[in-house]
Amino acid sequence: MNLLGFFQRRPPSSAPAARERLQVLLAHERATIGQSDLVATLREEILAVIAKHVSIDREKVKVTMDKRDQISMLEVDIELPGLALSKEAAPAH
Amino acid sequence: MARVLVVTSGKGGVGKTTSTAALGAALAQSGQNVVVVDFDVGLRNLDLVMGAERRVVYDLINVVQGDAKLAQALIRDKRCDTLSLLPASQTRDKDNLTAEGVARVMDELRERFDWVICDSPAGIERGATLAMRHADTAVVVTNPEVSSVRDSDRIIGLLDSKTELAERGERIEKHLLLTRYDALRAERGDMLKVEDVLEILSIPLLGIIPESADVLKASNLGAPVTLSDATSAPARAYIDAARRLSGETIPMSVPSERKGGLFGKLFGRRAA
């Protein structure tokens, strides 16, 4: 802050805050828009593959995408019912 | 070969219609044949800003639906005979704009004019996507303000996915037009700077339009700002932007008001 600013005792400028907030927000929004389709597609295809071999509850499969600066993480969380890992589950689908 | 331009922004009230009229008039004054097309069905305003509101007989929807010929709906500007307006309908619904109908009208306009400038409605719905659909160049109008920058970012995403060019795997040419810019406030750190907005949106800069009372004055009178007072700061900025669109290389600047001196500065501060 220059000398004039010092004497005027202006509050800190707000533009840097605007810039930073926008950068964080847009990095997130750019990653999520268009991605929702991808996650839905992945979820359906993963479900289909698993269902060939294991009987599963559709509600117990969670697919999430976490995009960070350096890496992105695709997280697939499948809860298998205790007894479902048997061979006869396969032909049912 | 006609160029189809869409003036878009996502957010409302940032200066799409003002910019459409000003750029259209500036291009027309350089001798090129220009038509400005209002896509804001139900909330038309380009006619008013152009001062042609009492001359509207047929509109875009009449032409799209085949109720009127294109020539009947086009309104030629009284001040500049290379400038025409195709108004939107004020009473009909935007659902009357069929994709095929719009495509047919755009083809016809391309044959008649050097420039077809489409004034997009705000938002990201049907009207906005139809306005950008056939464009080969987009002017993204943005204020140095967080909500406007965010919406522009969203619109840029749509331009890269929902236009004919994008669907063919080609890239639509995009330009940033920064409006209502106040260099003094940006310098003080109270407004996003040109460089900030450029860095965030990362599309090339077409022009910087300074915040100015002349814009309101021009719309009060129903004249594009480039026609009402070609020497005013915003007019000079728009004229430069129009020349850049035509391919000229012009150094970037923020034109300032003519009235300098102490009075101007004091007044400028107080207004800010």
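Quick note: the coordinates plus some simple rules give every number you see, no bench work behind them. Since we're looking at a predicted model, the values are computed, not measured. When we count neighbours, we look across all protein chains shown, and the Cβ atoms used for this are built from the backbone with ideal geometry, even at glycine.
What's the number of the condition B:LEU227 fails, among (1) surrounded by 22 or more Cβ atoms within 10 Å (Cβ to Cβ); (2) within 14 Å of chain A (Cβ to nearest Cβ)?
Among (1) surrounded by 22 or more Cβ atoms within 10 Å (Cβ to Cβ); (2) within 14 Å of chain A (Cβ to nearest Cβ), the lone unmet condition for B:LEU227 is (2).
Tell me the residue from B:LEU74, B:LEU85 that is under 28 Å from B:LEU221 (Cβ atoms) and crowded, with 23+ Cβ neighbours inside 10 Å, please.
Result: B:LEU85 is the single residue among B:LEU74, B:LEU85 that is under 28 Å from B:LEU221 (Cβ atoms) and crowded, with 23+ Cβ neighbours inside 10 Å.
Can you tell me how many residues in the range B:112-134 are among the hydrophobic types (A, V, I, L, M, F, W, C), closer than 17 Å to B:GLY10 by Cβ and out of contact with any Ser or Thr (no Cβ under 6 Å at 6 or more places or on another chain)?
Residues in the range B:112-134 being among the hydrophobic types (A, V, I, L, M, F, W, C), closer than 17 Å to B:GLY10 by Cβ and out of contact with any Ser or Thr (no Cβ under 6 Å at 6 or more places or on another chain): 4 in total.
Restricting to the range B:155-190, count the residues that are without any contact (Cβ under 8 Å) to a residue 12 or more places away in the chain and more than 14 Å from every other protein chain (Cβ to nearest Cβ).
Number of matching residues: 5.
Working carefully through the options B:LEU206, B:LEU198, find the one that is part of a helix (DSSP H, G or I) and either away from every other protein chain (no Cβ under 11 Å) or under 30 Å from B:ASP160 (Cβ atoms) (or both).
Step by step, each of B:LEU206, B:LEU198 is checked, and only B:LEU198 is part of a helix (DSSP H, G or I) and either away from every other protein chain (no Cβ under 11 Å) or under 30 Å from B:ASP160 (Cβ atoms) (or both).
Which residues, taken from the range B:116-154, are in a loop (DSSP other than H, G, I, E, B) and either within 14 Å of chain A (Cβ to nearest Cβ) or among the β-branched types (Val, Ile, Thr) (or both)?
Hits for the range B:116-154 are B:ILE124, B:ASN143, B:PRO144, B:GLU145.
Suppose the filter is buried (at least 22 other Cβ atoms within 10 Å of the Cβ), away from every other protein chain (no Cβ under 14 Å), under 19 Å from B:ALA28 (Cα atoms) and small (Gly, Ala, Ser); does B:SER219 pass it?
no
Looking at the range B:36-69, which of its residues are aromatic (Phe, Trp, Tyr) and crowded, with 24+ Cβ neighbours inside 10 Å?
The one that is aromatic (Phe, Trp, Tyr) and crowded, with 24+ Cβ neighbours inside 10 Å: B:PHE39.
What is the number of the single condition among (1) of a type in the set (Ser, Thr, Tyr); (2) under 23 Å from B:ARG126 (Cα atoms); (3) touching a residue at least 40 places away in the same chain (Cβ under 8 Å) that B:THR98 does not meet?
(3)
Please go through the range A:11-66 and pick out each residue that is outside any helix (DSSP H, G or I), of a type in the set (S, T, N, Q) and either more than 11 Å from every other protein chain (Cβ to nearest Cβ) or on the phi > 0 side of the Ramachandran plot (or both).
Listed by number, the residues that qualify are A:SER55, A:THR64.
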